[in-house]
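See structure below.
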Amino acid sequence: MSIRGVLIGGLVGLLSGAVVVPAQAAQPSYSVKNGVTQPIHSFQDAIRETVWVDIGLDLDNNGVGDRVAADIIRPATRGKVPVIIDASPYYSTNGRGNEAERKSYDSAGVPVKFPLFYDNYFVPRGYAVALVDFSGSSRSTGCMDTGGRSEVASGKAVIDWLNGRATGYSAVEGGSTVKASWSTGAAAMIGKSWDGSVAQGVASTGVDGLRTIVPIEAISSWYDWFRSDGVSFRGWGTPTNLASGFENANAKAGCEAVRTEMTTGAPANGDYTAMWQQRDYVRNASKVKAAVFSVNGRADLNVKPINWGQWLDALPRSTPRKLWLSQTGHVDPFDFRRPEWVRTLHRWFDRWLLNVRNGIEYEPQVSVESGVNQWTEYPVWPAPAARVRLHPVAGSTAGVGKLNFFPGLSAAESFTDPGTTTPESAISSPNATSGERVLYSTGELTHDVRIAGIPRITVSATPSTPTAHLSAFLVDYGPATIRSRTGEGIRTLTNETCWGEDRPGDDACYRETEATTSTVDATIIARGWADLANYQSISAEQPLTPGNKYKMTFRLSTADYVIPKGHRLALVIAGSDRSMVLTPAQLPGLTVHLAETSVQVPIAGIFAGSSTVETPEAPAASRVQQDITPGRLDG
């Protein structure tokens with residue numbers, strides 16, 4: 001258009017009362033410098049809104065589609081941006097993070113406080129952040145179904161809405177439709193505990209648009225949070241019990257049918273049912289299209305380590321992945337490795353949401369806390385490992401023997417389940433007879449040995465009663481300084497550090513932490529629990545006949561652990577672990593048949609062996625046991 005045309009057009013506009021704004025170039029949504037996105041957007045001026053997304057279900061049976069509340073904060077830019085999603089049941093209850101932050105709203109219902117640092121740090125760098133209330137929790141409608149289809153739909157529907165495949169509304173009921181015209185359609189899901197669990201569930205649907213997930217201390221199969229190979233964990237109850245602490249008033253009033261389904265599907269005897277199968281994300285892991293950054297604690301007895309190993313093992317081998325494994329319990333990496341976590345997460349999101357070619361996918365996949373605040377990297381997971389079968393062999397001391405490459409002569413050793421065994425009592429005094437366990441160990445190792453994967457134990461045992469539970473432990477006997485169990489391995493300090501930018505009502509500063517440590521002479525590498533009555537199948541227990549022999553194979557927890565040269569590897573077998581699982585109705589005596597008992601250990605590299613591992617011509621001896629403590633899924 002000519003200058004004259006512009007002037008005439010402007011004059012006509014003024015005469016007509018309209019304001020003519022000169023055309024402006026769209027502001028770029030992000031800028032990269034030194035390989036990472038830069039904070040180019042005003043956090044103060046960021047757009048804040050709530051959109052209620054229809055998840056395509058009506059589990060509360062009120063004739064209206066269930067809607068989840070997505071509180072969104074995004075840069076005020078004409079460019080389109082990707083979205084970081086944390087879907088959670090905790091935003092109005094337990095809160096998120098080490099400081100239990102909750103959402104807050106102004107008098108008009110506009111979100112003010114967005115828990116955690118994601119908004120403070122990533123919104124200025126060209127990302128939106130969406131914090132989603134699970135169906136049936138906080139400001140959402142529908143029902144909580146503890147990892148089931150409704151909670152998975154809570155995350156999946158938001159991704160569908162970002163890509164124009166689901167409907168969003170301006171209100172929880174009625175309202176006008178809202179489109180995500182500002183979104184590129186690329187999404188990440190992140191979250192600790194329940195949040196990260198559902199992120200894995202959403203990824204297992206294969207939903208388009210989900211580019212990456214970052215599950216932190218996440219459940220991959222809800223059976224493995226409540227149960228273990230036929231035995232029920234002490235204090236965990238049922239999915240109904242868990243949901244009841246987080247349901248809103250609408251869910252409490254309208255979701256009885258869902259609660260009944262969960263209660264019926266979680267029999268106290270620990271059997272695996274169709275209800276558990278629906279909440280098993282591992283079985284659909286082959287559908288995952290997203291890159292996966294998994295963060296876990298080796299000492300996490302809330303979300304047991306079996307969860308992360310079976311999930312990563314089941315993913316397509318082509319899935320880009322990263323694994324952090326700390327010595328902590330149920331702790332977010334922001335609270336045990338903060339600067340490196342923020343730096344790595346930043347690069348991870350830049351790569352998978354904005355396609356910044358920073359090479360992170362070519363770096364070592366695995367980072368393990370090998371010593372307190374000391375990290376060792378490995379190239380890939382699953383690690384190339386040989387499954388070495390080791391056998392308990394009786395020794396000269398009753399209930400104590402050798403752990404050998406070859407079975408010994410036919411022998412049996414016995415112990416009694418007192419109903420009070422703990423991990424500490426089971427692994428103590430490894431050279432002495434104990435009436436509550438048997439223990440078998442190698443000699444001192446002549447080389448470092450890395451165990452990387454999921455060990456499995458086969459136990460042949462004869463119970464003296466119709467009910468019997470088993471516990472098994474792989475133990476590193478040798479001195480070490482590790483993160484202590486007190487406080488999950490961290491202590492919260494008073495000083496703060498800041499990660500991102502502030503707005504009124506939403507600062508970016510968080511209290512620092514430090515490691516708490518203990519000096520020990522034995523470290524549990526992996527542990528597992530089972531009900532001997534499920535020897536044929538975890539889906540249906542079978543009656544046990546006292547005096548009959550039964551053989552059962554069950555899983556121990558996922559491990560990535562190096563046993564140092566000079567230490568001993570031991571297998572401990574006991575009855576019920578009082579700190580972790582329910583005791584059987586009748587406490588048994590158990591006789592273990594050693595020649596038919598073994599443990600498969602995934603050894604990464606060559607198992608150099610020990611100075612006293614016996615040859616087939618000169619068999620040796622052995623025996624085992626141990627225990628733990630329950631918790632709750634509190635984020």
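Dipole check for the chain: with +1 at the C-beta of Lys and Arg, -1 at the C-beta of Asp and Glu, and the Cα centre as origin, the magnitude is about 1320 Debye. With an a/c value of 1.5 or above and a/b larger than b/c for the gyration tensor axes a ≥ b ≥ c computed over the alpha-carbon atoms, the chain is described as prolate.
Here the contact order of the stretch 412-544, divided by its residue count and restricted to Cα pairs under 8 Å and six or more residues apart, works out to 26 percent.
Here the stretch 415-517 yields Rg over Rh of 1.17, to two decimals, using C-alpha coordinates and the Kirkwood radius. Beta-bridge orientation, the chain: approximately 75 percent antiparallel, per DSSP, counting only bridges with both partners inside. Comparing the stretch 350-474 with the 2.2 N^0.38 Å rule of thumb, its C-alpha radius of gyration ratio is 1.50 (two decimals).
Take 113-120, 569-576 and order them by the average number of nearby Cβ atoms within 10 Å per residue, most first; the result is 569-576, 113-120. In the chain, taking the dipole from charged Cβ atoms about the Cα centre, the farthest positive-side position among S244, P379, F336 is held by P379. Of the DSSP H helices in the chain, those with a Cα length along their own long axis of 18 Å or more and a mean Kyte-Doolittle hydropathy reaching -0.5 comprise 3-16, 149-162. Averaged over its residues, the stretch 16-149 has an accessible area of 37 Å² per residue, based on protein heavy atoms and a 1.4 Å probe.
Rounded to whole numbers, the Karplus 3J(HN,Hα) couplings from phi for the stretch 102-115 are 10, 5, 9, 9, 7, 5, 8, x, 7, x, 10, 9, 10, x Hz, using 6.51 cos²θ - 1.76 cosθ + 1.60 with θ = phi - 60°, and x at Gly and Pro.
The P(r) of the stretch 124-179 has a tail past 13 Å containing 66 percent of all C-alpha pairs.
DSSP beta bridges confined to the stretch 114-262 are antiparallel in about 40 percent of cases.
Over the stretch 264-342, accessible surface divided per residue gives 28 Å², non-protein components excluded, 1.4 Å probe. State whether the stretch 252-350 is rounded, prolate or oblate according to the following rule on the C-alpha gyration tensor (a ≥ b ≥ c being the square roots of its eigenvalues): a/c under 1.5 gives rounded; otherwise a/b larger than b/c gives prolate, and the remaining case gives oblate. Prolate, since a/c reaches 1.5 and a/b exceeds b/c.
Calculated mean residue ellipticity at 222 nm for the chain: -4500 deg cm²/dmol, from DSSP H runs with n ≥ 4 weighted as -39500 (n - 2.57), summed, divided by the residue count and rounded to 500. For the stretch 197-286, what class follows from the C-alpha gyration tensor (a ≥ b ≥ c being the square roots of its eigenvalues): rounded when a/c is under 1.5, otherwise prolate if a/b is larger than b/c, else oblate? In terms of gyration-tensor shape, oblate. In the stretch 320-409, Cα pairs under 8 Å separated by at least six residues give a relative contact order of 22 percent. Heavy-atom surface analysis with a 1.4 Å probe gives the chain a carbon and sulfur content of 52 percent of its accessible area. Per residue, the accessible area of the stretch 372-506 comes to 43 Å², computed with a 1.4 Å probe over protein heavy atoms only.
Across the chain, Cα pairs under 8 Å and at least six residues apart give a relative contact order of 16 percent.
The values are calculated or read from the model by the stated rules, or taken from the named source; none is laboratory data. Note that the structure is predicted; figures quoted are calculated from it, not measured. For neighbour counting, all protein chains shown are included, and Cβ atoms are generated from backbone atoms with ideal geometry for every residue, glycine included. Heads up: the accessible areas ignore ligands, DNA and RNA and are worked out on the full protein's heavy atoms, side chains in. Shrake-Rupley method; radii C 1.70, N 1.55, O 1.52, S 1.80 Å.
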